[in-house]
1. Which pairs turn up if I take residues in the stretch 359-380 that are surrounded by fewer than 17 Cβ atoms within 10 Å (Cβ to Cβ) and look for partners that are part of a loop (DSSP other than H, G, I, E, B) and polar (S, T, N, Q) with beta carbon separation below 8 Å, at least 6 apart in sequence or on another chain?
2. Quickly run through the stretch 320-366 and pick out the residues that are farther than 22 Å from residue 232 by Cβ, out of contact with any strand residue (DSSP E or B) (no Cβ under 8 Å at 6 or more places or on another chain) and of a type in the set (S, T, N, Q).
3. Between 136, 172, 131, 84, which is surrounded by fewer than 18 Cβ atoms within 10 Å (Cβ to Cβ) and part of a strand (DSSP E or B)?
4. Given the conditions (1) of a type in the set (Gly, Ala, Ser); (2) surrounded by 15 or more Cβ atoms within 10 Å (Cβ to Cβ); (3) part of a loop (DSSP other than H, G, I, E, B); (4) free of Cβ contacts under 8 Å to residues at least 40 places away in the same chain, which single one is not true for residue 92?
5. Would you kindly identify the strands (runs of 3 or more DSSP E) lying entirely within the stretch 218-333 that contain at least 3 residues that are in the same structural domain as residue 164 (by TED's automatic domain parsing) and among the acidic types (Asp, Glu)?
6. Scan the stretch 68-76 and tell me whether some residue there is in a loop (DSSP other than H, G, I, E, B), free of Cβ contacts under 8 Å to residues at least 40 places away in the same chain and either of a type in the set (Val, Ile, Thr) or closer than 23 Å to residue 255 by Cβ (or both).
7. For the stretch 225-270, which positions are at pLDDT 95 or above and of a type in the set (Phe, Trp, Tyr)?
Amino acid sequence: MNIIFVEPAFPANQRRFVHALASVGANVYGIGESDETHLGPDLRGAMRGYYRVGSVTNVQQLIDAVRHFQAQVWVDGLEATIEAHTMPAAQAREATGVPGTNVRTTWLCRDKPSMKEALRAAGVPTAASAAIDSSAEAKEFADRVGYPLIVKPRTGAGAQGTVRVDGDDELADVLHQFGEEGATSLAIEEFVEGHEGFYDTITLDGRVTHDWVTHYYPNVLEAMRHRWISPQFVTTNRVDGNDFYAEVRELGRRVVDALGIETSATHMEWFYGPKGLRFSEIGCRPPGVGAWDLYSAANEIDVYREWAHVVVHGRPEHQMKRSYAAGLVALRPDRDGVVTGYDGIDAVESRYGDWVIDAHFPPPGQPTQPVEAGFMANAWVRLRHPDYDTLRGMLDDVGRTVKVHAG
């Protein structure tokens, strides 16, 4: 099978998908922005061909690149795993006749108001929402739904650009800020109170073949606002035989049907609180922040290869073992600047070394990244353990013990 993969070199995690496809027997052809000489022999050796473009989000350039390969071989699929690449890839598929996720499904997974409208029509509970193009439309929504509200770009990924507003003055300030940044249309929605997590799947012909449930501690907006928090996300191994997770899985299957998702990785955010379970953002792509690395460690299976096997061979290679729960704890520097050192690493290694998956500690002298840059922007540690509650305690202890100093 001949598979084109969009942007194999950046970010670095993209190489995992290329190698996974090659490992299950696919002939991989890359389209990317890097000069071929910069790919390195390992990545270049995993591909049968490579075509450089100025931008992988330029639809015409992507179409031209696909047609370049179609002139040489029959192209069976075109894969894109980065949120911003999914719509150009879908448009290129439709222009060139390559099978895969279509423009309608991609649009519903990118445009938040349209997404939620489709979900509500399918009986999937979600927050009240709307697309707004003016301050008057925003004020009308606020008067009708009430505060607090969430305002965000219509096609952003995850918590990117997401802002909570608690009153008219804050709403006006946020709209002005977005306007100065060039946003002409935004999504506004009801703030849903409750615990936040995500449900990820690999689907085949509209059917879920693999799935995982993961929890945030605390919720993302809170985590990205406060430096002192060492936030976590933890994937559970208690999915089977649990009534709450059965509800998550059922709603996830309805999402797949409602949005017309066929063979793809998916990422679905959810909240659970006083109003029950509510689904939020849906991505027709793999999750970010190394979540598949956690799933691989938790199940003792290479999830990247599992995805590739579904794409190439039309069936899973293995089932998930759910041997472990696995999680990441982010470790923030005590201030912005450059890293000057660490405390507590040896103590954590002594207590939990057998359960450490991996860790990242930027060397002294490296500039820090702002808190809002995300879970893996600075230092972090990933752990696994057969018992979910024990793992939570370990992650909490790591967050309290390891100190990142900056100056």
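The values are calculated or read from the model by the stated rules, or taken from the named source; none is laboratory data. In this text the structure is predicted, and so the values were computed from the model without any measurement. Backbone-built Cβ (ideal geometry, glycine too); neighbour counts: all protein chains shown.
1. Once the first residue is surrounded by fewer than 17 Cβ atoms within 10 Å (Cβ to Cβ) and sits in the stretch 359-380, its partners that are part of a loop (DSSP other than H, G, I, E, B) and polar (S, T, N, Q) give 369/378.
2. Correct list: empty.
3. Working: 136 fails: part of a strand (DSSP E or B); 172 fails: part of a strand (DSSP E or B); 84 fails: part of a strand (DSSP E or B).
Unique residue meeting the criteria: 131.
4. Failed condition: (3).
5. On the way: elements: 232-235, 264-273, 276-283, 325-331.
Output list is empty.
6. We begin by selecting, within the stretch 68-76, every residue in a loop (DSSP other than H, G, I, E, B); these are 71-76.
Of the ones still in play, those that are also free of Cβ contacts under 8 Å to residues at least 40 places away in the same chain are 71-72.
Now restrict to residues that are either of a type in the set (Val, Ile, Thr) or closer than 23 Å to residue 255 by Cβ (or both): none.
No, the stretch 68-76 has no match at all.
7. Listed by number, the residues that qualify are 233, 244, 245, 270.
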